[in-house]
Amino acid sequence: MRGWLSTTDHKRIGKRYLAALTGDYNRPVMIEAFVVEVRAFVDYVQRASTLPLDERLANAHSRLSALYTAALALPPLPEPGSVDAGPRPANPEGWQGFEDHDLYWMFFDPYDESSLVAGSLSDDVLDIYADVSRGLALWDASHTSEAIWEWRFQFDIHWGAHAVNALGALHRACNAWS
């Protein structure tokens, strides 16, 4: 393995293959970068229970920021018809959450001042973990276009908003440690 990508990943991400898939010769590098970030985020979530709180917060902040940034470059693809992403993966064993930093306040609709609601960093991180893990299972099963579609679709309709809200709370929580 090279970094977070297996040798199989590198072979499948050939420039010609993804260029034909997306119509853009710059996309292979962007998709490869996203796969790297997915693997790093999944790895972080799976081992987070072994970290002290300050490291859990700092790692969540950096991993989530990198994942969100990489997701912005995912290309839109037509919806695949035949491959299902499968069930939601189980939460990692021993998940400890973020203790006193787990609950935070946010506006459900940032354009409506009356929409103040509570958010949960654990819920955000675990929802994102589930969404990107399902796409990763497709990717690892060589369903490349289905994985890219799943990641982009879930980013647009679900986990992107979780990430934005969590990043605000994580920024504050991490700076509270200074």
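The values are calculated or read from the model by the stated rules, or taken from the named source; none is laboratory data. In this text, all values refer to a predicted model and were calculated from it rather than measured experimentally. With ideal geometry, Cβ positions are generated from the backbone for all residues, glycine too; neighbour counts draw on all protein chains shown.
Yes or no: the stretch 52-70 includes at least one residue that is free of Cβ contacts under 8 Å to residues at least 60 places away in the same chain, touching a helix residue (DSSP H, G or I) at 6+ places or on another chain (Cβ under 8 Å), under 21 Å from Ala161 (Cα atoms) and in a loop (DSSP other than H, G, I, E, B). No, the conditions are met nowhere in the stretch 52-70.
Condition check ((1) at pLDDT 90 or above; (2) hydrophobic (A, V, I, L, M, F, W, C); (3) in contact with a helix residue (DSSP H, G or I) (Cβ under 9 Å, 6 or more places away or on another chain)) across all residues:
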{"residue": "Ser82", "(1), (2), (3)": "no, no, yes"}
{"residue": "Asp112", "(1), (2), (3)": "no, no, no"}
{"residue": "Tyr129", "(1), (2), (3)": "yes, no, yes"}
{"residue": "Arg134", "(1), (2), (3)": "yes, no, yes"}
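Count of the stretch 72-125 residues, restricted to those that are over 20 Å from the mean Cα position of the chain (by Cα) and of a type in the set (S, T, N, Q), is 3. Residues of the stretch 126-143 that are out of contact with any Pro (no Cβ under 9 Å at 6 or more places or on another chain) and surrounded by fewer than 18 Cβ atoms within 10 Å (Cβ to Cβ): Asp140, Ala141, Ser142. The test for being of a type outside the set (A, V, I, L, M, F, W, C), over 16 Å from Val38 (Cβ atoms), surrounded by fewer than 13 Cβ atoms within 10 Å (Cβ to Cβ) and touching a residue at least 12 places away in the same chain (Cβ under 8 Å) does not hold for Gly81.
Checking each residue in the stretch 111-125 for being touching a residue at least 24 places away in the same chain (Cβ under 8 Å) and surrounded by fewer than 22 Cβ atoms within 10 Å (Cβ to Cβ) picks out Gly119, Ser122, Asp123.
For the stretch 91-108, filtering for residues that are surrounded by 10 or more Cβ atoms within 10 Å (Cβ to Cβ) and part of a loop (DSSP other than H, G, I, E, B) leaves 9.
Determine, yes or no, whether Glu37 is modelled with pLDDT under 95 and not polar (S, T, N, Q).
Details: modelled with pLDDT under 95: no; not polar (S, T, N, Q): yes.
Spelling it out, it is not the case that Glu37 is modelled with pLDDT under 95 and not polar (S, T, N, Q).
Between Ala169, Ala90, the distinction of being more than 27 Å from Val29 (Cα to Cα), free of Cβ contacts under 8 Å to residues at least 24 places away in the same chain and of a type in the set (A, V, I, L, M, F, W, C) belongs to Ala90 only.
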